[in-house]
Amino acid sequence: MKVVLQNLTKKFPSRNKKSGDEVIAVNNFNFEIPDGKLIGLLGPSGCGKSTALNLISGLIEPTSGKIFFGDDDVTHLPPENRGVGLVFQSYALYPHLTVKQNIMFPLQNLKGSERPSREEMERRVLEAARLVQIEALMDRKPGEMSGGQQQRVAIARAVVKMPKVLLLDEPLSNLDARLRLQTREEIRRIQRDTGITTVFVTHDQEEAMSISDMIVVMKDGVVQQIGRPQDVYDSPVNLFVSKFLGTPPINVFEGKVGGGRLHIGGEAVLDVPGAPDGSVFVGIRPEGFVLDENGPFTCQLTGVEVMGRDISVVCRHAANAQTAAIRAIISAENRPKDSAKDVRFALKPYKVFLFGRDSEERIEFQTPKR
Amino acid sequence: MANKANNLKGWLYLLPAILFLGFFMVYPLVDVFIYSFEEGYNSASQTFFGVGLYNYSYVLHDPYFLQALKNTFILVVITVPLSTVIALLISVGLNSITPLKKLYQTVYFLPYVTNTLAVGLVFMILFKKTAYTDGLANLILAWFGKGPVDFIDGPYWAKMFVLCFYTIWAVMPFKVLILTSALASVNQDYYNAAKVDGTSPFRVFRKITLPMISPMIFYLVITGFIGAFKAYSDAVALFGTNLNAAEMNTIVGYVYDMLYGDSGGYPSYASAAAILLFAVVFTITLINLSISKKNVHY
Ligand SMILES: Nc1ncnc2c1ncn2[C@@H]1O[C@H](COP(=O)(O)OP(=O)(O)OP(=O)(O)O)[C@@H](O)[C@H]1O
Ligand SMILES: [Mg+2]
């Protein structure tokens, strides 16, 4: 089932009557979630991700705008009639019910002809439990399970009634690093197996990038960019998006464009044909640096961090305005001598982004063919 | 070793409480227990004739005690379930309104901070028949074409009704307070999850709200039972000190009368009655505990 958001806006009234500033948690969303895809809703804390999700689920009503499931306008439909499954950040498993009873709960709510027979319920519960691989824990109570297991029960409960849309609100935030990695793969697998259109909220860009078919990057209630994770990473529309995606984060400098060349702190570091003259922010991905004794970009070496296959060269730059420590990721074989004071780099043009100094919007330039 | 030292420390910390409780609670209890078996005890000379069950036999054959026992049981059986259910309804109602919530909560809490005897006076106005008025309750009865009933000095059922009414009314604020805070502390996500799954309000109440606040309900039922079994001052506030004459005595009232009332000076009978009350409360509490094992979710 495809989901379409049309001019969707949610304003929360201000608590403080005097200031009268309302919070625009979701500001004029316009996008389409294709059928059967997993999309990641990504943004810093408080940017309106949960609000957007709750609008889709129907738990809150939009101030204006429309929501369509397929061709049906569901804007004013109550949540129970939308056919959505929701997994809460807190899981919200009923603590006094067993795993089986929890998963069966949504089915038992069904009435009349929709209500499956007792055997049918049992069968579907077992099927959902198999899907998330918890069929061995059916008689446990939520309190007797690990966070990862509880999370899987929550997913089973959300999918057992075969929702048209599955909504997950930061489902991994309670898990430790290892379990997170494992569970996000699991979510991916479950989504592929069921083919349910899924919206996955997270503030962890790595999480979103790794499992989403499409990511939506938000900031302060406004959608910044929508696209396939790799496309958004390779071609961010503004400084915020470029900084939000990628670990280690992008290195940002103040620079100047003059006569088709990019200058950082007096050095001409790169040819940027087609870019207009003026002050810019320069974003360089850590993997955009190539060690080169004759390279145009110089900085003072402060340390080397070993990460196994790769190393990250940490250095400082005089004209660096935004990031205190510059990180360049290079292959471990090319490790610079620790005694070296300065290191020189050449830059990969398609890993360098220019942004207007005021607008912070992307400025395009012609990159050589890859 | 460390464990042993720790244990010792633990006992040391408990010592003041144990001493205090031992002196003021356990010692009198044991004393009462002993009194209840001493036959023909004379408080002036502090002597007794023998040891046996006569005191119990006397009390159990005393019509006043049987009346008090009956009254207490009726009071317990009616007021504990009724007050808990009403408090639950009020709390759920309070919890679902937003405007003026604080005001309503205060109103419901007022009886709790009001003096029992002052409240008794108000009930007099509501129910008492005087030369000038039949009382508010009778005015209402008159609308339905029912004759005036004397609720304070009239038939047994009317007096019992007033006593139960009063008891329920008096325990309401505490129960509502406890239940509203229990309801407010249930995570909203459970309700949102239920809403997304299309759960009917009744099922939400039965399957989510009730189990979630069951420890608090259980607490209220247990303390409610104990409180109702110990009822006395409420009856005095309504019917005066001569409760036996009014047929409105309670077990605690009987114990008090045996000790200090007109017929006072019988500590042995009082002790036997007190021990009987203790046995009843103890049994009921045990039954409560065993029922709760299945139905209370912590
Ligand atoms: N019920 C509400 N009343 C008023 N303001 C609200 C309400 N709910 C959310 N907000 C505000 O709306 C904005 C977005 O909140 P939301 O919960 O959607 O953020 P989020 O992106 O999910 O953040 P997080 O990652 O921390 O969960 C915040 O500024 C928040 O303070
Ligand atoms: Mg959130």
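Restricting the stretch A:172-218 to residues that are at pLDDT below 85 and in contact with a strand residue (DSSP E or B) (Cβ under 9 Å, 6 or more places away or on another chain) leaves a set whose member that is farthest from A:GLU127 (Cα to Cα) is A:SER173. Among residues that are at pLDDT 80 or above and not β-branched (Val, Ile, Thr), B:SER91 is included. Set side by side, the residues A:PRO78, A:PRO95 differ, and just one is surrounded by fewer than 18 Cβ atoms within 10 Å (Cβ to Cβ), within 14 Å of chain B (Cβ to nearest Cβ) and either farther than 22 Å from A:THR9 by Cβ or within 13 Å of ligand 2 (Cβ to nearest atom) (or both), which is A:PRO95. Within the stretch A:161-173, residues that are within 12 Å of chain B (Cβ to nearest Cβ) reach partners that are within 16 Å of ligand 1 (Cβ to nearest atom) and assigned to a loop (DSSP other than H, G, I, E, B) with beta carbons closer than 6 Å, at six or more positions or on different chains, in the pairs A:ASP169/A:PHE88; A:ASP169/A:GLN89.
In the stretch A:52-63, of all residues being within 16 Å of ligand 2 (Cβ to nearest atom) and polar (S, T, N, Q), the one that is farthest from A:ILE190 (Cα to Cα) corresponds to A:ASN54. When we screen B:ALA158, B:ALA237, B:ALA193 for residues that are crowded, with 19+ Cβ neighbours inside 10 Å, assigned to a helix (DSSP H, G or I) and without any contact (Cβ under 8 Å) to a residue 60 or more places away in the chain, the only hit is B:ALA193. Across the stretch A:15-23, a minimum of one residue is classified as modelled with pLDDT under 90, under 15 Å from A:LYS219 (Cβ atoms) and within 16 Å of ligand 1 (Cβ to nearest atom).
Looking only at residues of the stretch A:52-75 that are out of contact with any helix residue (DSSP H, G or I) (no Cβ under 9 Å at 6 or more places or on another chain) and open to solvent by 20 Å² or more (accessible area, probe 1.4 Å), we find that the one that is nearest to the other protein chains (Cβ to nearest Cβ) is A:ASP72. Looking at the stretch A:28-51 only, could you name the residues that are open to solvent by 50 Å² or more (accessible area, probe 1.4 Å) and away from ligand 2 (no atom under 16 Å from the Cβ)? Those that are open to solvent by 50 Å² or more (accessible area, probe 1.4 Å) and away from ligand 2 (no atom under 16 Å from the Cβ): A:ASN28, A:ASN30, A:GLU32, A:ASP35, A:LYS37. For the stretch A:10-27, the condition of being under 27 Å from A:LEU245 (Cα atoms), open to solvent by 80 Å² or more (accessible area, probe 1.4 Å), in contact with a Phe, Trp or Tyr (Cβ under 8 Å, 6 or more places away or on another chain) and within 16 Å of ligand 2 (Cβ to nearest atom) holds for at least one residue. Being outside any loop (DSSP other than H, G, I, E, B) and among the small types (Gly, Ala, Ser) is a condition met by at least one residue of the stretch A:104-125. Taking B:PHE229 as the residue in question, decide whether it is touching a residue at least 60 places away in the same chain (Cβ under 8 Å) and within 30 Å of B:LEU126 (Cβ to Cβ). Answer is yes for this residue. For the stretch B:73-87, the condition of being outside the structural domain of B:ASN244 (by TED's automatic domain parsing), open to solvent by less than 90 Å² (accessible area, probe 1.4 Å), among the hydroxyl-bearing types (Ser, Thr, Tyr) and in contact (Cβ under 8 Å) with a residue 60 or more places away in the chain holds for none of the residues. Is it true that A:ILE264 is closer than 30 Å to A:VAL3 by Cβ and either touching a strand residue (DSSP E or B) at 6+ places or on another chain (Cβ under 9 Å) or open to solvent by less than 60 Å² (accessible area, probe 1.4 Å) (or both)? Judged against the criteria, A:ILE264 is not a match. Residue check: is B:TYR219 at pLDDT 90 or above and open to solvent by 30 Å² or more (accessible area, probe 1.4 Å)? Yes. Taking the conditions (1) closer than 30 Å to A:GLU206 by Cβ; (2) of a type outside the set (Asp, Glu); (3) away from ligand 2 (no atom under 13 Å from the Cβ) in turn, A:LYS66 satisfies each one other than (1). Of the helices (runs of 4 or more DSSP H) contained entirely in the stretch A:133-240, those carrying at least 3 residues that are within 16 Å of ligand 1 (Cβ to nearest atom) and of a type outside the set (S, T, N, Q) fall at A:205-211. How many of the residues in the stretch B:93-108 are of a type outside the set (S, T, N, Q) and surrounded by 16 or more Cβ atoms within 10 Å (Cβ to Cβ)? Total satisfying the criteria: 3.
Of all residues in the stretch A:264-277, those that are closer than 14 Å to A:ILE326 by Cβ have Cβ atoms under 7 Å from Cβ atoms of residues that are open to solvent by 70 Å² or more (accessible area, probe 1.4 Å) and modelled with pLDDT under 85, 6 or more apart or on another chain, in A:GLY265/A:ALA318. B:LEU69 falls short on exactly one of the conditions (1) under 21 Å from B:SER268 (Cα atoms); (2) in contact with an Asp or Glu (Cβ under 8 Å, 6 or more places away or on another chain); (3) in the same structural domain as B:ASN249 (by TED's automatic domain parsing), and that condition is (2).
Each row is one residue, and each column tells you yes or no for (1) within 13 Å of chain A (Cβ to nearest Cβ); (2) touching a Leu at 6+ places or on another chain (Cβ under 8 Å).
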site	(1), (2)
B:TRP143	no, no
B:ASP150	no, no
B:GLY154	no, no
B:TRP157	no, no
B:PRO173	no, yes
B:ILE178	no, yes
B:TYR190	yes, no
B:PHE202	yes, no
B:PHE205	no, no
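Test A:VAL132 against the stated conditions and say whether it is under 19 Å from B:ALA194 (Cα atoms), in contact (Cβ under 8 Å) with a residue 12 or more places away in the chain and either outside the structural domain of A:GLU186 (by TED's automatic domain parsing) or not basic (Lys, Arg) (or both). The answer is no for A:VAL132.
The values are calculated or read from the model by the stated rules, or taken from the named source; none is laboratory data. Treat the numbers as computed from the prediction; the structure is a model and nothing was measured. Quick reminder, even Gly has a Cβ in these numbers, built from the backbone with ideal geometry, and neighbours come from all protein chains shown. Quick note on the areas: whole protein, heavy atoms, side chains included, nothing else; ligands and nucleic acids left out. Shrake-Rupley method; radii C 1.70, N 1.55, O 1.52, S 1.80 Å.
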